[in-house]
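What follows is one structure encoded as structure tokens, with my remarks underneath.
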Amino acid sequence: MPQYKAPLRDMQFVLHELLNAENHYAQLPALQENVSRELIDQYLEAAADFCENELSPLNQIGDREGCHWQDGVVTTPTGFKAAYQKYIELGFPTLSADEQYGGQGLPNSLAIVISEMVGSANWAWGMYPELSHGAMRTLGHHGSEQQKNTYLPKLISGEWTGTMCLTESHAGSDLGIIRSKAEPNADGSYAISGEKIFISAGEHDMAENIIHIVLARLPDAPQGTKGISLFIVPKFLINADGSLGERNAVRCGSIEHKMGIHGNATCVLNFDQAKGFLIGPENRGLNCMFTFMNAARIGTAIQGLAASESSFQGALAYAKDRLAMRSLSGPKAPEKEADPIIVHPAVRNMLLTQKAFAEGGRALVYMLAQYEDIVEKSEHAEDREFADNILSLLTPVAKAFLTETGLEAANKGVQVFGGHGFIAEHGMEQIVRDTRIACLYEGTTEIQALDLLGRKVLQNQGKMLRDFSKIMHQFVAKHQDQPDMAEFVHTLTALNQEWAELTQKIAARAQQNPDEIGAAAVDYLFYSGYVTLAYLWARMAAVAQHKLSEGTSEVDFYQAKISTARFYFTKLLPRTRAHVALMATGVEPLMALDAEHFAF
């Protein structure tokens with residue numbers, strides 16, 4: 001089983017050298033006095049120690065044991081509950097939460113880095129505390145003062161956990177057709193009835209209470225998405241003095257038997273006139289929910305990043321040690337019976353692909369987290385609007401592209417191990433199974449693609465895309481006269497222009513047939529992902545070249561950055577050519593065959 005080692009040096013490179021985190025926080029008055037480089041690094045080191053020594057050893061245990069359900073009670077795998085208590089003691093749940101309710105008031109972009117470590121070390125465990133963030137965010141934005149005071153302190157401390165109860169068996173991602181009902185009670189509360197499925201961490205033994213945030217319909221509510229309301233439904237009701245009261249009428253009917261993430265309880269929850277409390281206005285539940293969707297999707301993007309990183313770590317260690325065949329250009333370890341497989345070009349291709357996706361994905365996630373800081377904390381409306389545009393555009397890219405490339409990286413990890421990769425004890429196949437779900441939840445890749453092309457680009461006439469295009473153009477303009485950057489800048493310039501041209505072509509075709517959007521969307525998203533990571537790899541190469549020109553004791557580290565950037569541009573970025581060609585084929589080949597003729 002790969003033993004996770006937090007890539008602290010690369011995290012520090014992205015935070016301090018690429019994204020200038022300390023300067024970023026200094027521009028936000030709410031954060032400028034609280035966050036220094038020293039504080040950031042202290043938290044990273046503490047989180048690394050916890051993830052390497054507490055969570056990583058539990059990863060394979062959780063996969064092997066899974067969760068156990070009996071009569072509505074869920075028991076988590078050995079060691080999970082104890083690790084959660086340690087997590088609380090270290091103060092990680094309170095990190096980025098509101099100080100008014102017991103949080104530390106630190107930026108979410110710092111919490112994101114810790115989430116990456118937790119997810120890479122043990123994704124199934126990490127879902128228990130991470131699922132609380134959606135509940136906290138919803139309450140923080142839309143709850144009444146009484147609701148905030150009742151629920152936020154215990155959620156923030158980690159004594160309670162939270163869930164988001166959205167979908168139902170017949171609905172999937174189409175929340176407009178959910179059937180759960182909310183009947184008004186005489187005391188102002190509501191009786192919630194219905195069944196919710198796929199509720200991660202919906203029942204467990206790690207916290208004393210679970211606060212469910214539930215979508216349901218009021219009587220006579222309009223059909224579709226405009227008739228959905230949002231409710232708080234606690235597992236245990238709360239007494240006036242804040243103590244736990246009677247058990248609410250929400251029960252775990254079963255847990256799913258899944259391909260992966262066995263250590264996390266994915267629950268069917270049955271609400272049998274459970275007492276609930278309305279959050280926000282009636283029939284505005286989806287609007288309330290979307291206030292945290294960007295954060296939730298970035299959280300899922302982290303799973304793709306985590307899969308790339310953890311699989312790369314396992315594959316790299318194995319490739320350095322495993323002996324097989326001789327290099328075609330002559331023995332590289334003549335004193336041994338064969339060469340380490342890392343000398344073979346095919347193996348290096350797989351390892352560098354993993355490395356490029358992991359480090360590029362890290363840069364993308366951390367950059368988006370900083371834009372989220374600006375949306376949440378900036379005092380300037382213009383800055384908030386611009387940051388929100390970039391966040392809205394790139395969040396579906398990050399969620400879908402990083403989870404798909406994370407799955408690719410995980411598969412390559414198995415491939416590097418050869419037959420041993422297929423054996424459970426090595427842990428590489430678990431990474432594949434655990435990360436497969438990331439391409440599905442919080443909206444499948446195909447749904448993210450429609451969101452990107454249909455809503456974020458075409459629906460606002462390309463304004464969000466133009467905003468990001470300006471960022472890339474400014475970078476190119478800054479470095480276009482630097483010979484060492486020419487190989488990156490020329491390619492990025494052409495791609496930036498092509499991105500706009502492709503968008504215009506799809507928009508023109510969609511005026512004749514709206515299905516053209518659906519036909520092009522997935523390839524458009526992949527194209528957007530490759531170009532976005534190209535921009536970030538070019539930025540990382542520029543930083544590395546500057547450090548080398550200044551003189552540094554870390555020559556190998558910065559040379560590796562430049563070499564990986566070149567690999568990305570020469571070996572991975574050409575994949576955009578296939579996506580451009582596929583977009584040009586249009587919708588006709590997809591619709592030519594009648595549905596009834598797919599099989600005979």
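The values are calculated or read from the model by the stated rules, or taken from the named source; none is laboratory data. From a predicted model like this one, the values you see are computed outputs, not experimental measurements. Here the Cβ positions follow ideal geometry from the backbone for every residue, glycine too, while neighbour counts run over all protein chains shown. All accessible areas refer to the heavy atoms of the entire protein, side chains included, with ligands and DNA or RNA removed. Shrake-Rupley method; radii C 1.70, N 1.55, O 1.52, S 1.80 Å.
Met206 fulfils the conditions (1) touching a helix residue (DSSP H, G or I) at 6+ places or on another chain (Cβ under 7 Å); (2) closer than 19 Å to Ser144 by Cβ; (3) open to solvent by less than 20 Å² (accessible area, probe 1.4 Å) except for a single criterion, (2). Kindly indicate which of Ala274, Ala295, Ala221, Ala240 is of a type in the set (A, V, I, L, M) and surrounded by 22 or more Cβ atoms within 10 Å (Cβ to Cβ). Only one candidate passes the filter, namely Ala274. Among the residues of segment 210-259, those identified as outside any loop (DSSP other than H, G, I, E, B) and under 20 Å from Glu145 (Cβ atoms) are Ile211, Ile213, Ser229, Leu230, Phe231, Ile232, Val233, Pro234, Leu237, Ile238. Would a scan of segment 1-21 turn up a residue that is assigned to a helix (DSSP H, G or I), acidic (Asp, Glu), open to solvent by less than 20 Å² (accessible area, probe 1.4 Å) and in contact (Cβ under 8 Å) with a residue 24 or more places away in the chain? Checked segment 1-21: at least one residue is assigned to a helix (DSSP H, G or I), acidic (Asp, Glu), open to solvent by less than 20 Å² (accessible area, probe 1.4 Å) and in contact (Cβ under 8 Å) with a residue 24 or more places away in the chain.
Here is a check on your reading of the model: is Gly105 more than 21 Å from the chain's Cα centre (by Cα), within 24 Å of Ile279 (Cα to Cα) and either among the small types (Gly, Ala, Ser) or assigned to a loop (DSSP other than H, G, I, E, B) (or both)? Judged against the criteria, Gly105 is a match.
Is one or more of the residues making up segment 525-548 open to solvent by less than 80 Å² (accessible area, probe 1.4 Å), more than 19 Å from Phe567 (Cα to Cα) and under 28 Å from the mean Cα position of the chain (by Cα)? The answer is yes; a qualifying residue exists. The residues of segment 560-583 that are surrounded by 13 or more Cβ atoms within 10 Å (Cβ to Cβ), assigned to a helix (DSSP H, G or I) and of a type in the set (A, V, I, L, M), listed by number, are Ala560, Ile562, Ala565, Leu572, Val580, Leu582, Met583. Of the set (1) among the small types (Gly, Ala, Ser); (2) surrounded by fewer than 18 Cβ atoms within 10 Å (Cβ to Cβ); (3) over 28 Å from Arg37 (Cα atoms), all apply to Gly91 but (3).
For segment 363-389, a tally of residues being in contact with an Asp or Glu (Cβ under 6 Å, 6 or more places away or on another chain) and either free of Cβ contacts under 8 Å to residues at least 12 places away in the same chain or β-branched (Val, Ile, Thr) (or both) returns 2.
Would you check if Ala121 is buried (at least 22 other Cβ atoms within 10 Å of the Cβ), of a type in the set (A, V, I, L, M, F, W, C) and touching a Ser or Thr at 6+ places or on another chain (Cβ under 6 Å)? Yes.
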